[in-house]
Amino acid sequence: MQLITPAPWSSYELIDSGDFYKLERFGDFVLARPEPQAIWDKSLSDDEWERRAHAIFRRDRQSPERGDWQTTPDMRDPWFVTFRQSGLNLKFKLALTTFKHVGIFPEQADNWAYLYRAIQNMDTDRPRVLNLFAYTGGASLAARQAGADVTHVDAVKPIISWARENMDHSELDNIRWVVDDAVKFVRREGRRGNRYNGIILDPPAYGRGPDGEKWVLEEHLNDLLKACADLLDRDNFFFIINLYSLGFSSLILDNLMRQTFGEVPNAEWGELFMDDAYQKRLPLGVFYRFASVPLSAGVTAGLD
């Protein structure tokens, strides 16, 4: 089991965390957003958070999953950040959404670097990569820039449009966009006999497909993993799964993956995290990944 944090990224900084919030800098702007795992005290005062933040997310009391942003006059929406490291040069559009998200999950940067290395080291031309629950496309862009043929699947059409904008801003092209339920798409691909060299999953705890299909992580993940196993190339491959769900242990994920894929080569699993400026470690999901070739890990922390 490992704890892994992304390498420092000039466009992103976790400044502080605590009292169920996190204070982050995305490019030129500082945001305060809810974070259910930050149960400790803030290091900075409330006044300092208010002074620094260009935008603060306030929850809707009637619908806690939604809310509104309180912004300063100089806050731009949307705005852009760049990611330049590990061979990648990507540009993302960010925006303030009613679900507190801004269009990027910075902790995933280590997975982007991992898949870039995996693709670059594959013994095949133009490997095929499938990105499920693909959101605004960070992993899709990284895979495409590494030279893969990428299929990007998400159930929400406006999110697909957002990902396409990110592709254009990153000066990439020819990603295959699919608006579909992930489970249905994977099963169809299996019946068609299609295979992929890389599969990436970052499923939500709950979700809906384009035709109202219900996704519940605990109920559907096992079957989805079995279907994905049928799609993965047997010779040149990588697989990445990341879960952000309170109470979902990395041991559960390890059991699922070993049962589904057996003894896989070069497996890495554990937690993704980020340090704030006051050395508090904020957990940001459990992960499991493996590849047909050995790949050096990102910044790894001990389990002390």
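The values are calculated or read from the model by the stated rules, or taken from the named source; none is laboratory data. If you're wondering where the values come from, they're calculated on a predicted model, not measured in any experiment. Methodologically, a virtual Cβ is constructed for each residue, glycine included, from the backbone with ideal geometry; neighbour enumeration extends over all protein chains shown. The area values use the complete protein model at the heavy-atom level, side chains included, leaving out ligands, DNA and RNA. Shrake-Rupley method; radii C 1.70, N 1.55, O 1.52, S 1.80 Å.
Residue-wise test of (1) touching a residue at least 40 places away in the same chain (Cβ under 8 Å); (2) more than 30 Å from Asp276 (Cβ to Cβ).
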| residue | (1), (2) |
| --- | --- |
| Phe99 | no, no |
| Ala113 | yes, no |
| Asn121 | yes, yes |
| Thr124 | yes, yes |
| Leu130 | yes, yes |
| Gly147 | no, yes |
| Lys157 | yes, yes |
| His169 | yes, no |
| Gly190 | yes, yes |
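What number goes with the only condition from (1) surrounded by fewer than 20 Cβ atoms within 10 Å (Cβ to Cβ); (2) touching a strand residue (DSSP E or B) at 6+ places or on another chain (Cβ under 8 Å); (3) touching a residue at least 40 places away in the same chain (Cβ under 8 Å) that Arg289 does not pass?
(1)
Filter the stretch 71-83 for residues that are open to solvent by 30 Å² or more (accessible area, probe 1.4 Å) and more than 17 Å from the chain's Cα centre (by Cα) and give the result. Show your work before the answer.
So in the stretch 71-83, the residues open to solvent by 30 Å² or more (accessible area, probe 1.4 Å) come out as 71-74, 76-78, 80, 82.
Matches in the stretch 71-83: Thr71, Thr72, Pro73, Asp74, Arg76, Asp77, Pro78, Phe80.
Count, please, the residues in the stretch 84-102 that happen to be in contact with a Lys or Arg (Cβ under 6 Å, 6 or more places away or on another chain) and surrounded by 14 or more Cβ atoms within 10 Å (Cβ to Cβ). Can you show your working first?
Just the residues of the stretch 84-102 that are in contact with a Lys or Arg (Cβ under 6 Å, 6 or more places away or on another chain), to begin with: 98, 100.
Right, trim to surrounded by 14 or more Cβ atoms within 10 Å (Cβ to Cβ) and you get 100.
Looking only at that region, the number is 1.
Given (1) open to solvent by 60 Å² or more (accessible area, probe 1.4 Å); (2) under 30 Å from Gly270 (Cα atoms); (3) assigned to a strand (DSSP E or B), identify the lone condition not met by Asp68.
Failing condition for Asp68: (2).
When you go through (1) under 30 Å from Ile252 (Cβ atoms); (2) part of a loop (DSSP other than H, G, I, E, B) one by one for Met75, which number turns out not to apply?
Only one criterion in (1) under 30 Å from Ile252 (Cβ atoms); (2) part of a loop (DSSP other than H, G, I, E, B) is unmet by Met75, namely (1).
I'd like to verify a number: residues in the stretch 214-236 that are open to solvent by less than 30 Å² (accessible area, probe 1.4 Å) and either at pLDDT 95 or above or part of a helix (DSSP H, G or I) (or both), how many?
Within the stretch 214-236, the subset open to solvent by less than 30 Å² (accessible area, probe 1.4 Å) is 215-217, 221, 224-225, 227-229, 231-232.
Now restrict to residues that are either at pLDDT 95 or above or part of a helix (DSSP H, G or I) (or both): 217, 221, 224-225, 227-229, 231-232.
Selection size over the stretch 214-236: 9.
Could you pull out every one of the strands (runs of 3 or more DSSP E) wholly within the stretch 150-208 that has 3 or more residues that are modelled with pLDDT of 95 or more and open to solvent by 20 Å² or more (accessible area, probe 1.4 Å)?
Working: elements: 176-179, 198-201, 206-208.
Result: 176-179.
Any residue at all in the stretch 124-133 that is outside any helix (DSSP H, G or I), within 22 Å of Leu243 (Cα to Cα), touching a His at 6+ places or on another chain (Cβ under 6 Å) and open to solvent by less than 10 Å² (accessible area, probe 1.4 Å)? Give the steps one after another, and end with the answer.
Taking the stretch 124-133 first, the residues outside any helix (DSSP H, G or I) are 124-133.
Those left that are additionally within 22 Å of Leu243 (Cα to Cα): 129-133.
Restricting the remaining residues to those that are touching a His at 6+ places or on another chain (Cβ under 6 Å) gives 131.
This time we only want the ones that are open to solvent by less than 10 Å² (accessible area, probe 1.4 Å), so: 131.
Scanning the stretch 124-133, I find at least one residue that is outside any helix (DSSP H, G or I), within 22 Å of Leu243 (Cα to Cα), touching a His at 6+ places or on another chain (Cβ under 6 Å) and open to solvent by less than 10 Å² (accessible area, probe 1.4 Å), so the answer is yes.
Can Ser17 be described as over 18 Å from the mean Cα position of the chain (by Cα), among the small types (Gly, Ala, Ser) and not in a loop (DSSP other than H, G, I, E, B)? Explain how you work it out, then say what you get.
Working: over 18 Å from the mean Cα position of the chain (by Cα): yes; among the small types (Gly, Ala, Ser): yes; not in a loop (DSSP other than H, G, I, E, B): yes.
Yes; evaluated as a whole, the condition is true for this residue.
Return a yes/no flag: does the stretch 36-54 have any residue that is part of a strand (DSSP E or B) and either in contact (Cβ under 8 Å) with a residue 40 or more places away in the chain or loosely packed, with under 15 Cβ neighbours inside 10 Å (or both). Explain how you work it out, then say what you get.
As a first pass, look at the stretch 36-54 and keep what is part of a strand (DSSP E or B): none.
No: the stretch 36-54 contains no residue that is part of a strand (DSSP E or B) and either in contact (Cβ under 8 Å) with a residue 40 or more places away in the chain or loosely packed, with under 15 Cβ neighbours inside 10 Å (or both).
What do you reckon, is Arg66 within 30 Å of Ser250 (Cβ to Cβ) and under 21 Å from the mean Cα position of the chain (by Cα)? Before the answer, list the steps.
Working: within 30 Å of Ser250 (Cβ to Cβ): yes; under 21 Å from the mean Cα position of the chain (by Cα): yes.
When the stated conditions are applied, Arg66 passes them.
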